[in-house]
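So the structure is just underneath, and the comments pick up after that.
The values are calculated or read from the model by the stated rules, or taken from the named source; none is laboratory data. Here the structure is a predicted model, which means the values were calculated and not measured. Heads up: the accessible areas ignore ligands, DNA and RNA and are worked out on the full protein's heavy atoms, side chains in. Shrake-Rupley method; radii C 1.70, N 1.55, O 1.52, S 1.80 Å.
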Amino acid sequence: TASLFCICNNILLPILAFHYSNARRPGARRARPYLMVVHALMFLFGVYCSVCGSIGPIAALIAEISSGGSAPDTAGDADVSSRIGTFPRSGISPECVRSYCQLPGNNISAICHGTGLYV
């Protein structure tokens with residue numbers, strides 16, 4: 001889940017790397033006790049946030065798998081897989097079509113020539 005990876009990459013791994021690299025460096029002093037306490041508290045809080053942030057999504061995924069369902073389609077649109085890569089999508093404004101047709105290489109589309117929006 002995002003909470004797990006974000007916290008691991010930005011909090012847990014840097015704290016572990018700091019203390020690991022400091023312990024392996026020859027002649028290095030140990031980190032000061034207050035820094036070790038602050039890092040321990042930050043690490044525990046990061047673990048707590050990772051666990052609490054991952055419980056809900058994992059439970060929802062397990063429930064979805066156990067019910068025999070599949071992943072929901074984008075925005076609840078059941079027909080999205082048949083329209084991937086098509087242009088234009090339903091409800092697109094003429095300004096969007098005009099902007100699309102003005103992009104280099106996109107003026108070959110039939111929508112650009114057929115609607116008179118190609119500039």
Worksheet item: Pick from segment 9-34 the residues that are more than 25 Å from Tyr48 (Cα to Cα) and assigned to a loop (DSSP other than H, G, I, E, B): which of them is least open to solvent (accessible area, probe 1.4 Å)?
Response: Ala28
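Have a look at Val80, Val37, Val119 and point out the one that is open to solvent by 70 Å² or more (accessible area, probe 1.4 Å), of a type in the set (Val, Ile, Thr) and at pLDDT below 70.
On the way: Val80 fails: open to solvent by 70 Å² or more (accessible area, probe 1.4 Å); Val37 fails: at pLDDT below 70.
Step by step, each of Val80, Val37, Val119 is checked, and only Val119 is open to solvent by 70 Å² or more (accessible area, probe 1.4 Å), of a type in the set (Val, Ile, Thr) and at pLDDT below 70.
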